[in-house]
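The values are calculated or read from the model by the stated rules, or taken from the named source; none is laboratory data. Given the structure is predicted, the values throughout are model-derived calculations rather than measurements. Neighbour counts run over all protein chains shown; Cβ positions are idealised from the backbone, glycine included. Side chains included, ligands, DNA and RNA excluded: accessible areas come from the protein's heavy atoms. Shrake-Rupley method; radii C 1.70, N 1.55, O 1.52, S 1.80 Å.
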Amino acid sequence: MKRIYFVQPNNVFSNSSNLPTAVHLPYAAGTIAAYSFSHEEIRQNYTLCDFIFKKDPVEDVLQVLVDPFMVAFSNYMWNIEYNLELAREVKEKWPACIILFGGVQIPDDTQYLENYPFIDILIHGEGEVPFYKLLVALENGTTLDTVPVISYRKNGVPVQTVKEMECSLDQFPSPYTMGLFDYIIRDPAYAGVQFDTVLETNRGCPYSCVYCVWGANKLGFRTFPLEKIKAEIDWMATNAISYCFCADSNFGILERDEAIADYIIECKNKYGYPQKFETLAAKNKDDLIFRLLQKLEAAGLNRGISIAVQSMSEEVLEKIGRKNMSLHSFAHQVEKYRVNGMHTYTDLILALPGETLESFCKGLCEVIEAGQHNNISVYRCEFFPNTIMHTKEFVEKYKIRTQRSLLSQTHTCIDADMRYASRSDIVVETSTMSAAQWKEASRFAICVQSFHSLGLLKYIAIYLRKSEGISYYDFYMNLYKWIENESVIVKRILDTVCESFDVFLKGEGNLHFADERFGNIFWDFYEGLFLCCATELDVVFDELKTYLKKVCGDKDLFEELFYYQKEMIALPGKEEKQIRISYDWKEYFENIFNADYTQVKPKEKILKINRSSADNWVDYAHKNVWYGKRLESTLNKPEEIHS
């Protein structure tokens, strides 16, 4: 029997000492194995061995492998370097072993065969059918020319086979219900580990965004059978899987998605699992999306609701092949979720083709103007193979320049052994944004996200917008200029958080932020700015006050608003306390977005601030910032004390 191993190592997500370590099960590799080993002819001739799903030291993995006939690698940006190192060592130890590479990180050409002689075969795109046909061909000793969408060496020369392939999802079994991962989750060595899962209910995307692999997909939009999906949810529920990520490009785009949401809720009510179900919601099915997300929210399954825009510039959206909902519709959606007690977040991408420094900064603040006060995620534009953006024509047209960095994936462990660290290609310059402007846009976004989304100055900014007509763009741009040109303390903290920028842009270093005070993991830069400011809150607010008092009209009112803003910042290790206010700020900010509510009322009140939920900075960073940022857990929720 020929022994086959699959390798899909994922990053380990570190938690505080009070929470379990999280690891993703190797779903993609599992789907490939499940289809092939559902055929009797494969089971008669091949043995499916262990999945390698963590970045264990290569020398340790080599001890696990036993006489491998084939080692098949599933490649993503976070594991490609590790996979290359392991593949090189496997080939050296077992020269006859077939090394196969597939996954979204493998470009649709023979480049990897030319660059890495230890790789024997590439699979391009979806792998279930090609892998099965490859195993059949290898067993029968027939030519590989008939195996679709692969590259291999023919007489020593890399060649590609036919790229067209019919692919119905009805024929693919589930790796979960086939029991391929049962030995992992039941292994005593993983006691206490949280295994995260992926659920696919469909594949493909009806849109063609240039930066996304889905945008270049030629196989179209297809669905998995509903009975298979329900069986997978049953498996997750009965195996106590806490977190499930729905990999659909647009969950809620189909009417049947509500039935899927209902079934997940039914399983949680029956078994207690899954506990969280994260989706990428469709953007043009307002009523259906709202209804099913409202159900998930009521069941405690949501981790926030994404209302993605990527850019607020119509010119940029046209260039990237995306059409957003109107600003009015966006604002309406944010408001609808808000009044129903549901937290949303909005995604933007920095350095898209056509974006300028000004359009990006103004667009970021337009999102706030439209009512997104909860959370804005700004992603750096990454340069992925197999996308429209990655083509030579597109790169030349928009003068795209990238810079490579070690992949410091947010909230993953800092690995002391950097031999296996993967790289990320980040767009830092286009025909409309220079590298210097990229840096400035990044720093501005970090400030806005920290001061508004995480709440350091959110209440002050909202008050000035509503009462004195100062736009969010003017408020935050003036604040940013003051930080850069006059501040000492906040500027020092911002520079420390962003100290990797300059060496990264020169190609001499890596783009990341970490601070051992908050645990042994990487943080997003705006999380880092917030955390570092929070550790020095008194001196930070003393300095901010000298600037902000110049902006506000009513000085007496500002004194108390500033006091209230500072007291609302949740910090670790704080005991229950009471504060006395002479204006009803609590009622004001709870009702400020009502159309008929515009003025804060003088009113003496005593508010109770509850004891901190975290006792130290590590737990606080994890609970309040990482897990709680979309739920506004960085801000206190005061209670009124009635005398």
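Filter the range 28-60 down to the residues that are hydrophobic (A, V, I, L, M, F, W, C) and either closer than 23 Å to L138 by Cβ or open to solvent by 50 Å² or more (accessible area, probe 1.4 Å) (or both) and list them by number. Steps first, please.
First, the residues of the range 28-60 that are hydrophobic (A, V, I, L, M, F, W, C): 28-29, 32-34, 37, 42, 48-49, 51-53, 58.
Those that are hydrophobic (A, V, I, L, M, F, W, C) and either closer than 23 Å to L138 by Cβ or open to solvent by 50 Å² or more (accessible area, probe 1.4 Å) (or both): A28, A29, I32, A33, A34, F37, I42, L48, C49, F51, I52.
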**Prompt:** Looking only at residues in the range 238-279 that are at negative phi, among the aliphatic types (A, V, I, L, M) and not in a helix (DSSP H, G or I), which one is surrounded by the most Cβ atoms within 10 Å (Cβ to Cβ)?
**Reply:** I241
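Could you identify the single residue in V162, V149, V136 that is exposed (fewer than 12 other Cβ atoms within 10 Å of the Cβ), of a type in the set (A, V, I, L, M, F, W, C) and over 30 Å from P274 (Cα atoms)? Step through it out loud before you land on a result.
Details: V149 fails: exposed (fewer than 12 other Cβ atoms within 10 Å of the Cβ); V136 fails: exposed (fewer than 12 other Cβ atoms within 10 Å of the Cβ).
On inspection, the qualifying residue turns out to be V162.
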**Item:** Every residue from the range 514-562 that is open to solvent by 40 Å² or more (accessible area, probe 1.4 Å), among the hydroxyl-bearing types (S, T, Y) and at pLDDT 95 or above
**Value:** T535
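Restricted to the range 217-237, and to residues that are open to solvent by 30 Å² or more (accessible area, probe 1.4 Å) and closer than 30 Å to I388 by Cβ, which residue is modelled with the highest pLDDT?
Here is the first cut: in the range 217-237, the ones open to solvent by 30 Å² or more (accessible area, probe 1.4 Å) are 217-223, 226-227, 230-231, 234.
Now drop any that are not closer than 30 Å to I388 by Cβ, which leaves 217-223.
On the way: N217: 68, K218: 68, L219: 71, G220: 79, F221: 86, R222: 91, T223: 94.
Looking at residues that are open to solvent by 30 Å² or more (accessible area, probe 1.4 Å) and closer than 30 Å to I388 by Cβ, I get T223.
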**Message:** Of the conditions (1) closer than 20 Å to L138 by Cα; (2) open to solvent by 10 Å² or more (accessible area, probe 1.4 Å), Q63 satisfies every one except a single condition; which number is it?
**Reply:** (1)
**Message:** Return the pair list, or none, for Cβ contacts closer than 8 Å from residues in the range 457-476 that are open to solvent by less than 50 Å² (accessible area, probe 1.4 Å) to residues that are among the acidic types (D, E), at least 6 apart or on different chains.
**Reply:** S471/E369; Y472/E369
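Here is a list: D109, D56, D50. Which entry is modelled with pLDDT under 95 and farther than 28 Å from S405 by Cβ? Give the derivation first.
On the way: D109 fails: farther than 28 Å from S405 by Cβ; D56 fails: farther than 28 Å from S405 by Cβ.
The unique qualifying residue is D50.
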**Asked** So, of the residues in the range 316-339 that are aliphatic (A, V, I, L, M) and assigned to a helix (DSSP H, G or I), which turns out to be farthest from the chain's Cα centre (by Cα)?
**Response** V339
**Prompt:** How do the pairs read when you match residues in the range 540-562 that are acidic (D, E) with residues anywhere that are open to solvent by 30 Å² or more (accessible area, probe 1.4 Å) and not in a helix (DSSP H, G or I), using Cβ under 9 Å and keeping only pairs 6 or more apart or on different chains?
**Reply:** E543/V488; E559/K549; E560/S582; E560/Y583
**Asked** Taking only pairs six or more apart or across chains, which ones have beta-carbon atoms under 9 Å, a first residue in the range 376-388 that is within 15 Å of T410 (Cβ to Cβ), and a second residue that is of a type in the set (D, E, K, R) and outside any strand (DSSP E or B)?
**Response** S377/D524; V378/D524
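In this structure, is G354 surrounded by fewer than 23 Cβ atoms within 10 Å (Cβ to Cβ), at positive phi and either polar (S, T, N, Q) or touching a residue at least 12 places away in the same chain (Cβ under 8 Å) (or both)? Spell out the reasoning first.
On the way: surrounded by fewer than 23 Cβ atoms within 10 Å (Cβ to Cβ): yes; at positive phi: yes; either polar (S, T, N, Q) or touching a residue at least 12 places away in the same chain (Cβ under 8 Å) (or both): yes.
Yes; evaluated as a whole, the condition is true for this residue.
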**Asked** surrounded by fewer than 21 Cβ atoms within 10 Å (Cβ to Cβ) and free of Cβ contacts under 8 Å to residues at least 60 places away in the same chain, is that true of L327?
**Response** yes
**Request:** Taking only the range 585-627 into account, find how many residues are surrounded by 13 or more Cβ atoms within 10 Å (Cβ to Cβ), free of Cβ contacts under 8 Å to residues at least 60 places away in the same chain and part of a loop (DSSP other than H, G, I, E, B).
**Result:** 8
